[in-house]
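Values in this text are rule-based calculations from the coordinates and carry no lab data. In this text the structure is predicted, and so the values were computed from the model without any measurement. Note that each Cβ is placed from the backbone with ideal geometry, even for glycine, and that neighbours are counted across all protein chains shown.
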Amino acid sequence: MSMASNMLDPKCYSTQHLTAPEVACPRSDTSRPPTSTDIRPSPSENNHADWQTDDGIVLHPIYTRATAAASSSLIPDRDFLLRGVTKELGTALAVDLRQRHAHPDPEMTNRAVLDDLQGGVSSLELRLDRAVRSGSWQAFCPQGDVANESPSDATRGNGWLGDDGVMLYQVSDFDTALASVPLDQTAISLDAGNGFLAAAALLAALWERRGVDPIEARGAFGGDPIGTLSRAPSLVRLRGKSMHGLADLATWTSRTFPHVTSATVDSTTYYDAGGTDTQELAFSIATAVEYLRAMTVARNPQTETLSIDQAAAQLLFRYSLGTDHFLSVAKLRAARVLWARVLQTCGGSPLPMKMQTCTSSRVMTDRDLNLNLLRNCTAVFSGLLGGADTVTSLPLDHAIGLPDEFGRRMARNTVLILNDEAKLGRVADPAGGSYFFETLTDQLCEQAWALFQQVERRGGMLACVRNGWVAKQIIPSAEKWASQFAYGEKSFVGVTKFIHARSRIVRRAAPDVDRLRQFAIHQFAAHRDAQIAIPLLEHGPNLAEAMFVEAQGGASIPQMNRMLGDRVSREASP
């Protein structure tokens, strides 16, 4: 197996291709001396009781106080920052259950959204389609009507419309998808790829249309230029200006919507593509540092900037969790320590880290779907024990297409049962004090910090993604997993081991979106040259605020992206 040097494709290393990791940590009862039945031989060559993770960290069957004391700590006030909570003892920790929606039809999305809210979901994540995530407007043009554009733009066609996401192109589409949703009580998160500026403007315009006070608005605009570049370089347009757009969105969001984040540090791409826990931690911190620079350093005298604390408050971290709950919990704990170290180094305050966890797509299989319930349960369990603020639970049929009502119900009930019935939210950092967890957390911190320093020495995360260095770091670990599954060193129950006699790959037909696609093309063709509002160049230096004015005037996402292209093409490259 191989992947392009500058692109990370999670599908190359998913369980559908028999390459999902299943790393097991040995359990031991430290209340009594170990017996021969407790110590099982590891598959390693030395045949010792120790176990080695994919990062090379050696796990022992027994940990003591001396072992934990020997671990180094990156910051002196580690314990407080590691727990990441300031709740009074005895009070429940609020966990936000955020479910993802990607059905192309806004009306169908609305039905699923209302069903989720009635079933206990507290916030929503809308994944916009491939056409919006491209950040371009050529996908909305009739076939052959892309004059003066590059060959790559001209050959795209209209296949991205309605592909892998909701078809939300104007305020009325958002209004349809979120009909009857109490927007003053429900957080809305967006996944719009390189179209994050236009999508954020439309959501803000919808809040204004519904009469939502900016102080009451909650959610995440989801700007993540580096993550978008990592996932698919071909989708990224105006790459050098995406960071400028993110900085403008952050400053506008900070002074307008106090309970909304502008940037999402989505590191799930690296883990889902085969990266290790250390790599995901290091690359997430490196990405966040890149965003801090963009938000706090003025690119010209007219640029508005944020302080370190204001910029840090604009970031939401999203981590991917697999089926090893020991490593998953330790990874989330380590992430807080690493981020606290960054803020401390930058002179910022020890602010809590806003963290969202999501079940990794690489542990979800397209055969024997019921087993996905257990894998998702493990990931959700890890997220709750690790102290995630927001948890996204994947439906058991995630790997075969859009989930049905049963899959969504099982996904949200998994979180509700663990949090409300198992009372996991009643304990802050339950792993704290465990010699094993404390040692493993510190070891992940040390390795991730060393890798983060490598990224910084090479010019930062954006440069390392562009030149393919990040992908080159992940490819060996991903290919190692593939070979381990191929040679039976690792197993995935129901996929590579204990396969059901009647197990088969399941496929679900994609929804028919031809009608919606043709309507979108017709709408854009009729209005693409219309001057909806004041020209974008006259709205001022802040791109996000200018896009919001356009959205108020009725502009659609392709129209705003076209105007955005006209503006930034006149600016000097960074």
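Below is a table of values for the structure above.
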| read-out | value |
| --- | --- |
| Residue order, fewest to most surrounding Cβ atoms within 10 angstrom, among TYR435, TYR271 | TYR435, TYR271 |
| Inter-label distance, nm, simple model (7 Å from Cα along the C-beta direction), ASP404/LEU114 | 2.2 |
| Within-10-Å neighbourhood charge of SER393 [Cβ basis; K, R +1; D, E -1] | +4 |
| Positive minus negative residues near ASN413 (Lys, Arg vs Asp, Glu; Cβ under 13 Å) | -2 |
| Quotient of Cα Rg and 2.2 N^0.38 Å for region 78-486, N being how many residues it contains | 0.95 |
| Residue-count net charge about MET461 - beta-carbon cut-off 11 Å; Lys, Arg +1, Asp, Glu -1 | +1 |
| Sequence of THR256, THR264 once ranked by neighbouring C-beta atoms within 10 Å, starting from the fewest | THR256, THR264 |
| Spin-label pair ARG299/ALA422, simplified geometry with 7 Å Cα→Cβ offset, distance in nm | 4.5 |
| Cross-link table LYS331/LYS497; LYS331/LYS354; LYS354/LYS490; LYS354/LYS480, entries beyond 25 Å C-alpha to C-alpha | LYS331/LYS497; LYS354/LYS490; LYS354/LYS480 |
| Cα centroid of region 313-352 to Cα centroid of region 399-471, whole Å | 9 |
| Exposure proxy ranking, count of Cβ atoms within 10 Å, fewest first, for ARG504, ARG409, ARG375, ARG426 | ARG504, ARG426, ARG409, ARG375 |
| Phi-based couplings in Hz for region 225-230 (Karplus 6.51, -1.76, 1.60; Gly and Pro marked x) | x, 5, x, 5, 5, 5 |
| Region 78-486, dipole about Cα centre (Lys/Arg Cβ +1, Asp/Glu Cβ -1), debye to the nearest 20 | 960 |
